[in-house]
Amino acid sequence: MGSARFALLLLFILVSHPIASEILPIPPGTPRYAVQLAAFETAAEAEQAAEDFRELGLSPVHTLQIDSWHKVLFGIFSYRADATLHSHAIRSAGIAESFVVSLDVLPFSDRPSSSAEISSPLPPIFTLEVASARDLPISDLHGNPTYEELERIDREESDERYRQELLAVLDQVEDDDPITGYALVNLAILDIASGERDAALARLLPVANGEVASAASHRVMAMRRVAWLLHNHSVDRLRAYQAYTELERFTCSESLRGICVRDRAGLLMELALSNIGTLEECRDLCELGLAAVAPDQTQTRAVLRLIAMETLAHQMRHSEALDEATALAADLEGDPQVEREWWMSRIWIGRCAADLGDWALARETARSILDEAPEDAPQFAGFPVRAEAMYLLGLSLGCEGDREASRQILEHLIENHGDTQSARQAREALQSLERNWSLDEN
């Protein structure tokens, strides 16, 4: 093997890291993908290229004849996000002008490639010295006097005092003291609360990657917040999806595994709306999650149902989405653990009714929410409940012909909730309604 090829092989071995999820079984009908590396006119050429790619460290590599071409393919994936991550890495490494292809049949296997089978130049989000959080040497810090005192300050005193004490502790301890990980994670949480997300990420990464000592609980906590920041701050959905997949595999908490499935499903929906993958595969993952997540994880289960319902709405399947939202609202009513999800399911009843042109149902749903929801009703995904209900009420009244009431409600929403998506929707709706009213007058 030439020196250049040997260097590439060494690079692949050093950074090889699995990403395909093997935690949940894949049902029939789930979309399947592979990464195409090359295509040839003859089987012999394709087989030789496949062997060359294997020598460079790629695995699994297969050949498949499609029409008159013999294609060289890498892996088989249930979700396009996984295939896309590997394809980008292979292209970036200069190994092939790879791209993702959909497979109508399963030519080499009836299941996706497992994490143990996959080797590619995809670098991990997290550097992990053990396979599971269960194998980390320190599980928690209970009984550590410094930890107990910091926890007391967190409970009883101000955030600023807590921050100062955490900073003071960092000045006093070495990186091999697990209090370091605790202090960095909690400083990062304070940073996130104050909007300092870059600072938070800088504090979290050394803990998540094991560069400083920490208890297992704080290592996992750091990983989860890194994944959240990749999604909500860096807005790098593919890397956030990868981070949640790695965390799902690493944690020994069944509850956190369910949360990772939930957040991966949400990311699959966002990616599908950006033309990476399909809403069907997002819904498949929601169904798998609901089958695997324990019944007592009520909030995780409720969010999975909301995501699955929203995919139906995005596909213009509004009647089905309305049925799902109605059933979910009935199931969640009265459970304080899922109050936020209950309000959101009711908002979706109003949204679906509006999409179906059932303005009476949309109006009455919005009125009932405004009558019942407190001013501080919990937000879901950044949507203030009352503002969204106000938008639906104003839109419904306008479409029913009550111009003055509609105008008054929408203008109030724009004036008092100008920084919300609901207010932006109200502005657009009011402009559209005004145009329609003007046409009616003429």
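Where a number appears in this text, it was derived from the coordinates with a stated rule and is not lab data. Because the structure is a prediction, the values reported are computed rather than measured. Don't worry about glycine lacking a Cβ; one is built from the backbone with ideal geometry, like all the others, and counts go over all protein chains shown.
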Q. Taking Cα pairs under 8 Å and at least six residues apart, what relative contact order does the stretch 268-318 come out at, in percent?
A. 33
Q: Check every DSSP H run in the chain and write down those whose alpha carbon atoms cover 15 angstrom or more along the long axis and whose mean Kyte-Doolittle hydropathy is 1.0 or greater.
A: 3-15, 179-193
Q. Summing Lys, Arg as +1 and Asp, Glu as -1, what charge do residues with Cβ under 10 Å from the Cβ of Ala188 carry, Ala188 excluded?
A. +1
Q) P(r) tail for the stretch 125-252, what percent of Cα pairs lie past 21 Å? A) 38
Q) If you average the sequence gap of Cα pairs under 8 Å that are 6 or more apart and divide by the length of the stretch 254-441, what percent do you get for the contact order? A) 12
Q. Among Leu312, Val72, Ala43, whose Cα sits farthest toward the positive end of the charge dipole of the chain (+1 at Cβ of Lys/Arg, -1 at Cβ of Asp/Glu, about the Cα centre)?
A. Ala43
Q) Based on Cβ point charges of +1 for Lys and Arg and -1 for Asp and Glu, what charge dipole magnitude is obtained for the chain about its Cα centre, in debye rounded to the nearest 20? A) 860
Q) Of Leu410, Ser102, Ala429, which is farthest along the charge dipole of the chain in the positive direction, counting Lys and Arg as +1 and Asp and Glu as -1 at C-beta? A) Ser102
Q) Most exposed first by the Cβ proxy, i.e. fewest other Cβ within 10 Å, how do Glu281, Glu97, Glu165, Glu310 rank? A) Glu97, Glu165, Glu310, Glu281
Q. Counting each DSSP H run of 4 or more residues in the chain as -39500 (n - 2.57), what helix-only mean residue ellipticity at 222 nm follows after dividing by all residues, to the nearest 500 deg cm²/dmol?
A. -20000 deg cm²/dmol
Q. How high is the relative contact order of the stretch 210-264, given as a whole-number percent (alpha carbon pairs under 8 Å, six or more residues apart)?
A. 26
Q.
What does the net charge come to around Leu256 if you take all other residues with beta carbon closer than 13 Å to its beta carbon, with K and R at +1 and D and E at -1?
A. +4
**Q.** Environment charge of Gln315, counting only residues whose C-beta is closer than 13 Å and scoring Lys/Arg +1, Asp/Glu -1
**A.** -4
(Q) Can you bin every Cα-Cα distance in the chain into 10 Å intervals starting at zero and give me the percent of pairs per bin, rounded to whole numbers? (A) 4, 17, 23, 23, 18, 11, 4, 0, 0
